[in-house]
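First the structure, in the form of structure tokens, and then the observations on it.
The values are calculated or read from the model by the stated rules, or taken from the named source; none is laboratory data. All values derive from a computational prediction rather than experimental measurement. Ideal geometry is used to build each Cβ from the backbone, glycine not excepted, and the neighbour counts take in all protein chains shown.
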Amino acid sequence: MGSTVDPGFKGVAYQPQEEVYYNDGREIALLHFVYGHPQLEEMRGNPQRVLDAIDEFGKTKKYLMNIGPYKAKTVIDLITEVKPQVMVELGGYVGYSAIAFAAAVQAAGGKQYWSLEHNAEFAAVITMLADLAGLRDIVRVVVGNSATSLKRLHGGGDLKHIDLLFLDHLKPAYTPDLKLCEELELVGPGSVYAADNVVKPGNPPYLEYVRRTVQEKKEAFNSGDTNSPRGNPNLVYESRFVEGWEPSGVPDALEITRCTGVGP
């Protein structure tokens, strides 16, 4: 892809990211790799062993667009601090984040981890790998468009509040989906958001939104597209940029945003 590996990157990197790097059969190949692994029995009920096997596939077989262990540690540390009862991820892919973060949520005393994934085949992989990791009781996988799934879960009473939101799906959907969560009052004071890939490939509209003041958001709200989610401009955000690496060794970052209150 033309990117260089950061000299500060530690450990063995994933295989290089190709021009076509997902939805070409590698996700099902991963499932066969894990369930045919000689250490399969050691993986049962052990989230870290399952993550290690996913990383092994990414290093020795094919690139996987996972968050990887380096940026994942930032989110795990955040979970340990925030102690969310309910965490939601938008975009689950093959379950790396669901396994890593649901295990951390469970260890912190949390109750529910929702993984919203558009691709039904990917969702099946998440379900099987999370089950192998012993996380069946905490991980719930929902198949479908993220906005539609959020509305349905909220409308049915299954999802009432999000303590920690992880955004790792289609980049143009980050901002409208956050605004939808604001409108539905799924997020509010005390909620925390972790957005992946804010450098690679980058997401300027999302960064601009979470870094705006209440006054700036109000001005945009009054001139915004009424056909799209408009959010709640009164929510006060504090946002910070946390550097990290893709599992391939390419520099990237997370944007960590806290909702600290409601403005005037």
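Some values worked out for this structure:
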{"quantity": "Residue list for region 126-176, filter: polar (S, T, N, Q) and within 22 Å of P189 (Cβ to Cβ)", "calculated": "T175"}
{"quantity": "One residue from Y70, Y96 being surrounded by 17 or more Cβ atoms within 10 Å (Cβ to Cβ), of a type in the set (F, W, Y) and touching a residue at least 60 places away in the same chain (Cβ under 8 Å)", "calculated": "Y70"}
{"quantity": "Residue check for L207: within 24 Å of E81 (Cβ to Cβ), touching a helix residue (DSSP H, G or I) at 6+ places or on another chain (Cβ under 7 Å) and in a helix (DSSP H, G or I)", "calculated": "yes"}
{"quantity": "Among residues of region 113-148, those that are free of Cβ contacts under 8 Å to residues at least 40 places away in the same chain, surrounded by 20 or more Cβ atoms within 10 Å (Cβ to Cβ) and either part of a helix (DSSP H, G or I) or out of contact with any helix residue (DSSP H, G or I) (no Cβ under 6 Å at 6 or more places or on another chain) (or both), counted", "calculated": "4"}
{"quantity": "Qualifying residues in region 234-254 (those that are part of a strand (DSSP E or B) and among the acidic types (D, E)) - the one nearest to F221 (Cα to Cα)", "calculated": "E238"}
{"quantity": "Residue tally, condition part of a loop (DSSP other than H, G, I, E, B) and either in contact (Cβ under 8 Å) with a residue 40 or more places away in the chain or of a type in the set (D, E, K, R) (or both), over region 14-53", "calculated": "13"}
{"quantity": "So K59, is it at pLDDT 95 or above, farther than 24 Å from A194 by Cβ and of a type in the set (K, R)", "calculated": "yes"}
{"quantity": "Filter result for P229 (under 17 Å from P204 (Cα atoms) and at pLDDT below 95)", "calculated": "no"}
{"quantity": "Check on K171, surrounded by fewer than 23 Cβ atoms within 10 Å (Cβ to Cβ), modelled with pLDDT under 95 and under 19 Å from Y22 (Cα atoms)", "calculated": "no"}
{"quantity": "Residue match in region 248-258 (condition: of a type in the set (A, V, I, L, M, F, W, C) and either in contact with a Leu (Cβ under 6 Å, 6 or more places away or on another chain) or at pLDDT below 95 (or both))", "calculated": "yes"}
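Residues checked against (1) surrounded by 17 or more Cβ atoms within 10 Å (Cβ to Cβ); (2) within 15 Å of Y93 (Cβ to Cβ); (3) at pLDDT 95 or above; (4) not polar (S, T, N, Q):
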position	(1), (2), (3), (4)
V12	no, no, no, yes
P16	no, no, no, yes
D24	no, yes, yes, yes
A29	no, yes, yes, yes
H32	no, no, yes, yes
Q48	no, no, yes, no
Y63	yes, yes, yes, yes
